[in-house]
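Read the structure below first, then the notes.
We did not get these values from a lab; they are worked out from the coordinates using the rules stated. Being a predicted model, the structure only gives us computed values, none of them experimental. Cβ atoms come from the backbone with ideal geometry, glycine included; neighbour counts cover every protein chain shown.
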Amino acid sequence: MPGEQVFPCPHCGMAYQLTPDYLAQYGGQATQCRQCQRIFTLPIAQPIGVAPAEGVQVLPYMAPIAAVSYGVWRDGNQIVASKGATLPPACVKCNSTEDLKSYRRTYSWHHPAWALLLLVAVLLYIVVALALRKSGPLTYSLCRRHRKRRAMALLWMWIGILGSFAVMFVGCSMTERQEDLQIGIVLGCIGVFLASLILGVLFARILTPKKIDDRFLYLSGACPEFLNTLPDAGFSR
């Protein structure tokens, strides 16, 4: 409709589609964001030189209006999104639009070069990474199949982690006087622990931040079909 505008929540960035008729009736009133649940004021309609119809009721409080995606593009095999953006209503892993569930995640990123500090001191790396990291929220959707796949990956990860501790405890208890065997059990359980943790993170991860700056998130992991529905960042941003 001519004259429509997208107005973001000033608190979290959730975008809402506003028509001229809607603003003529409810502009300037308070409403509640359906995402962050905070109150904000709708913009006042711009005068168009036509007197409003008589008898139009103006509600003292309005329910949230329909949300729309905004600030989302593609750049090759990556999603480029404004901080706080909501991705289109489709599964980011297969582009299905059936039985979706939305997730709100806050991603963090720092330059990979800082990982070299791990060679010096783990604590120093943690302090620097926390101080220099950039972060931003994003809302995406998953279909039932990929929700189950993620849940199974997390389940097997925890089974491997907890199982490694259980085997290490029981194994060391049964081999109190066999130090060489105990060392082998401990090392084996540490290997299972690390493998379970790494594989669980890899298979349960949905989107991976490749870069985050002051305005945008750059994320990989979306399927090509989903990426093809997004406008090209080279021309839209």
Checklist entry - Only one residue in V80, V92, V120, V128 is more than 30 Å from T229 (Cα to Cα) and either out of contact with any helix residue (DSSP H, G or I) (no Cβ under 9 Å at 6 or more places or on another chain) or touching a residue at least 24 places away in the same chain (Cβ under 8 Å) (or both), so which one is that? => result V120
Checklist outcome for this item: In segment 184-197, anything hydrophobic (A, V, I, L, M, F, W, C) and loosely packed, with under 12 Cβ neighbours inside 10 Å is listed as L187
Next on the checklist: Out of everything in segment 105-130 that is of a type in the set (F, W, Y) and not in a helix (DSSP H, G or I), what residue ends up being farthest from C12 (Cα to Cα)?
Outcome noted: W109
Checklist entry - Would you call T106 closer than 22 Å to Y218 by Cα and surrounded by 18 or more Cβ atoms within 10 Å (Cβ to Cβ)? => result no
Next on the checklist: Which count do you get for residues in segment 201-225 that are in contact with a strand residue (DSSP E or B) (Cβ under 9 Å, 6 or more places away or on another chain) and either under 21 Å from R150 (Cα atoms) or among the acidic types (D, E) (or both)?
Outcome noted: 13
Checklist outcome for this item: Within segment 194-210, of all residues that are within 14 Å of the chain's Cα centre (by Cα) and of a type outside the set (A, V, I, L, M, F, W, C), the one farthest from R105 (Cα to Cα) is K210
